[in-house]
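The values are calculated or read from the model by the stated rules, or taken from the named source; none is laboratory data. Small disclaimer: the values here were computed from a predicted structure and weren't measured. Using ideal geometry, Cβ is built from the backbone for each residue, glycine included, and neighbour counts are taken over all protein chains shown.
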């Protein structure tokens, strides 16, 4: 992933305007579009692949931002 895409995924992951559900819905919509294109033997736009990678990376970063390996009081 290039620096511009990495910066975009970082900003999306840290954005409070986008909910976890919005990330899930965006990925679902992209996957549905890719499936439709593949089933109908249509060309797949490379931009759609890049967007999927950016959204997927941002969602994973968001999940791991909230992950706490040592919750309060567990030590």
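A residue that is under 20 Å from residue 6 (Cα atoms), loosely packed, with under 10 Cβ neighbours inside 10 Å, at pLDDT 90 or above and out of contact with any strand residue (DSSP E or B) (no Cβ under 6 Å at 6 or more places or on another chain) occurs nowhere in segment 54-74. Close contacts from segment 20-48, counting a first residue that is over 26 Å from residue 63 (Cβ atoms) and a second that is modelled with pLDDT of 95 or more and in a helix (DSSP H, G or I), with Cβ to Cβ under 6 Å and a gap of 6+ residues or different chains, come to 44/37. What number of residues within segment 10-39 satisfy the criterion of being part of a helix (DSSP H, G or I), surrounded by fewer than 12 Cβ atoms within 10 Å (Cβ to Cβ) and over 12 Å from the mean Cα position of the chain (by Cα)? Number of matching residues: 5.
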